[in-house]
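Asks: Mind looking over this structure? Questions follow.
The values are calculated or read from the model by the stated rules, or taken from the named source; none is laboratory data. Here the structure is a predicted model, which means the values were calculated and not measured. Counting neighbours? That spans all protein chains shown, and the Cβs are built from the backbone with ideal geometry, glycine included.
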């Protein structure tokens, strides 16, 4: 019977932390993605949080095949996220993408050496920071009604239509509906500008993401904002209070706010 030779374990990288923070606390006890305990490989002022993985299960060819399996992907990606969350609860972390794998420790250290200054600068910038996400949804009917009753441009045209002959009113009412739609889009842009300016004193960076469609959110209302914020831990409570106040203020326009976090700085770890 033929025997399969198992090579030396590969290295699965969760993220990079500041080695100085290891003097205050230990990395949480984590069972890794391939059921082996996570550990730290130190490199100068950095610490790479890793776990050994079997090359038979985590070769590039095997991963490419497994990525087509929704159950495997869901289980392993969730585990990856949970491990990074656990590390982030105690350390500044530069999180790595799912399935960042090195064949040997020398390859990992070579990368850390090449990217050392960039990684160290990012970690120092991310100290005491958290990522929060804000999604804003609008009820289409309620937002449309709000614009009809409050937008000055719409109100003026409505007033003019009321004084027109019946025949012309029919034509202008069609134009009115298009105007309301256009003004609603402008209003929503202005709402976001106002919200962002109100929150500005609480965040250090903000990054807009693509809005999700209803087929993803499974909601009847429409997502109009999807934004990540990088916030100092000491400001997070005030940030959340301000979000609450803003939601109450914009409820009359049909807006609801959904805030989540704190997350590891996924969207502030990459290059701009």
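Asks: Determine, yes or no, whether residue 173 is modelled with pLDDT under 75, in a helix (DSSP H, G or I) and touching a helix residue (DSSP H, G or I) at 6+ places or on another chain (Cβ under 7 Å).
Replies: yes
Asks: Would you confirm whether or not the range 223-244 contains a residue that is in a loop (DSSP other than H, G, I, E, B) and over 16 Å from residue 131 (Cβ atoms)?
Replies: no
Asks: Just the residues that are surrounded by fewer than 14 Cβ atoms within 10 Å (Cβ to Cβ) and within 17 Å of residue 18 (Cβ to Cβ), please, taken from the range 68-108.
Replies: Within the range 68-108, just 89 meets the criteria.
Asks: Residue under question is residue 186, and the condition is that it be surrounded by fewer than 18 Cβ atoms within 10 Å (Cβ to Cβ), within 25 Å of the chain's Cα centre (by Cα) and at pLDDT 70 or above; does it hold?
Replies: no
Asks: Please go through the range 220-255 and give me each residue that is within 14 Å of residue 143 (Cβ to Cβ) and either touching a residue at least 12 places away in the same chain (Cβ under 8 Å) or surrounded by 15 or more Cβ atoms within 10 Å (Cβ to Cβ) (or both), ordered by number.
Replies: Result: 220, 221, 222, 223, 224, 225, 250, 252, 253, 254, 255.
Asks: Turning to a different aspect of this structure: Considering only residues that are part of a loop (DSSP other than H, G, I, E, B) and at negative phi, look in the range 189-219 and name the one that is surrounded by the fewest Cβ atoms within 10 Å (Cβ to Cβ).
Replies: Filtering the range 189-219 for residues that are part of a loop (DSSP other than H, G, I, E, B) and at negative phi, the one surrounded by the fewest Cβ atoms within 10 Å (Cβ to Cβ) comes out as 210.
Asks: So which residues in the range 74-104 are farther than 15 Å from residue 28 by Cβ and either free of Cβ contacts under 8 Å to residues at least 12 places away in the same chain or in contact with a strand residue (DSSP E or B) (Cβ under 6 Å, 6 or more places away or on another chain) (or both)?
Replies: 74, 75, 78, 94, 96, 97, 100, 101, 102, 103
Asks: Could you please let me know if residue 135 is in the same structural domain as residue 258 (by TED's automatic domain parsing), surrounded by fewer than 13 Cβ atoms within 10 Å (Cβ to Cβ) and at pLDDT 75 or above?
Replies: no
Asks: Restricting the search to the range 245-272, which residues are closer than 12 Å to residue 207 by Cβ and assigned to a helix (DSSP H, G or I)?
Replies: Scanning the range 245-272 gives 266, 267, 268.
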